[in-house]
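Notes follow once the structure below has been shown.
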Ligand SMILES: NC(=O)c1ccc[n+]([C@@H]2O[C@H](COP(=O)([O-])OP(=O)(O)OC[C@H]3O[C@@H](n4cnc5c(N)ncnc54)[C@H](OP(=O)(O)O)[C@@H]3O)[C@@H](O)[C@H]2O)c1
């Protein structure tokens with residue numbers, strides 16, 4: 001696995017990280033642990049979770065996995081969205097829902113609004129910060145996290161001096177090595193974030209539908225750690241990502257040799273394109289897809305260590321995707337613009 005120094009921090013991790021949003025939600029405890037262990041065996045050392053993931057239990061299962069290997073991995077979590085825990089019949093029905101969603105994906109889409117309504121967003125008081133971090137540390141069975149991100153805050157949060165004072169104290173106390181913000185690019189790499197000196201990392205959605213925004217990231221990467229999330233556009237963005245690759249393959253500006261590679265259409269093609277256009281020469285330090293299925297995990301690792309594309313081809317692809325995204329007649333799916 002390829003590793004990288006994480007920007008101005010002294011940390012180093014795999015450039016392919018593991019997004020833990022599906023743990024204990026879409027994936028059962030057994031599948032969650034299996035995916036985490038397989039990722040670790042393949043050299044992945046960056047794990048991104050949040051207090052809210054998996055009904056509050058993603059951190060719990062990650063904590064289980066971390067036993068005995070805490071100092072070998074980089075752990076990132078978030079605060080600001082409170083999970084609503086599930087108990088009784090709702091928790092018991094989760095296994096059934098997982099099976100249903102696997103065979104009837106439309107049922108997941110229908111349930112999404114209901115699932116979203118179970119979270120309490122925009123929870124950025126100092127009291128919640130303290131309580132949330134302590135709970136994260138307890139669930140993760142550790143006394144520090146490498147990154148603590150503000151989870152999808154509104155821009156107005158940056159005016160909360162008291163909150164940032166508390167974040168500074170928490171970092172100084174060693175409970176958090178680096179504080180950061182996870183938000184859309186218009187906020188996560190903005191001047192107001194830069195002005196909040198304690199925020200040393202930005203987590204941003206980067207995928208085939210917003211690559212045109214990555215041009216300035218290299219400069220940001222000199223001063224802050226950049227983590228890309230949502231690389232395939234989420235569960236619903238996978239098919240749209242494949243479509244977009246097919247579309248780019250047919251463009252006139254694409255050299256014949258590259259078009260031939262894009263026509264290969266094997267299982268690993270999408271990962272090879274997506275992960276490399278995100279990582280190579282953009283400044284982004286690590287990308288964190290969810291990858292519960294073994295074939296996805298392997299394809300993603302293979303995309304990093306055995307890519308079929310040269311650097312020039314990746315640059316050409318990134319430019320073509322970016323051009324396509326800024327054409328007004330091409331509708332971009334709503335996947336973290
Ligand atoms: N606001 C925030 O802070 C924020 C928001 C969104 C996401 N995130 C972070 O980013 C991570 C990833 O986001 P996400 O899960 O929403 O979106 P994603 O990683 O873009 O998409 C996940 C989907 O892609 C599939 N997939 C992964 N590798 C694949 C491959 N090689 N070929 C085909 N399909 C593949 C996954 O399948 P399987 O899982 O079934 O294998 C899953 O269905 C999260 O886990 C979380 O850590 C943070």
Original post:
How far is the Cα center of region 162-180 from the Cα center of region 270-329, in Å?
Top reply: 33
Original post:
Relative to the first principal axis of the alpha-carbon coordinates of the chain, what is the inclination of helix 29-41, with its axis defined by its Cα atoms, in degrees from 0 to 90 and to the nearest 10?
Top reply: 60
Original post:
When all alpha-carbon pairs of region 14-61 are counted, what percent fall beyond 16 Å?
Top reply: 31
Subject >> Fewest-first sequence of 3, 49 by Cβ atoms within 10 Å of each Cβ >> reply: 3, 49
Original post:
For the chain, what does -39500 (n - 2.57) per DSSP helix run (n ≥ 4), summed and divided by total residues, give at 222 nm, in deg cm²/dmol to the nearest 500?
Top reply: -13000 deg cm²/dmol
**OP:** Return one number: the angle in degrees, 0 to 90 and rounded to the nearest 10, between the long axis of the Cα atoms of helix 126-140 and the longest principal axis of the Cα atoms of the chain.
**Re:** 70
**OP:** Place the peptides 73-81, 207-215 in order of packing, highest mean first, counting for every residue the other Cβ atoms within 10 Å and averaging per peptide.
**Re:** 73-81, 207-215
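Report the antiparallel proportion of the DSSP beta bridges in the chain as a percent, rounded to a multiple of 5.
Expressed as a percentage, antiparallel bridges in the chain total about 10.
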**OP:** Show me 240-248, 279-287 ranked by packing, highest mean number of other Cβ atoms within 10 Å first.
**Re:** 279-287, 240-248
**OP:** Going by C-beta contacts inside 10 Å, put 217, 53 in order with the fewest on the left.
**Re:** 217, 53
Subject >> Using alpha-carbon coordinates, inclination of helix 161-172 to the longest axis of the chain, degrees >> reply: 90
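I want to verify the translational diffusion coefficient of the chain in µm²/s; compute it with Stokes-Einstein, Rh as the Kirkwood radius over Cα pairs, at 37 °C and 0.692 mPa s.
Translational diffusion coefficient: 161 µm²/s.
Readers should treat all values here as calculations from the given coordinates under stated rules, not as data from a laboratory. Everything numeric here is computed off the predicted structure, so don't read it as measured data. Note: ideal-geometry Cβ built from the backbone for every residue, glycine included; neighbour counts use all protein chains shown.
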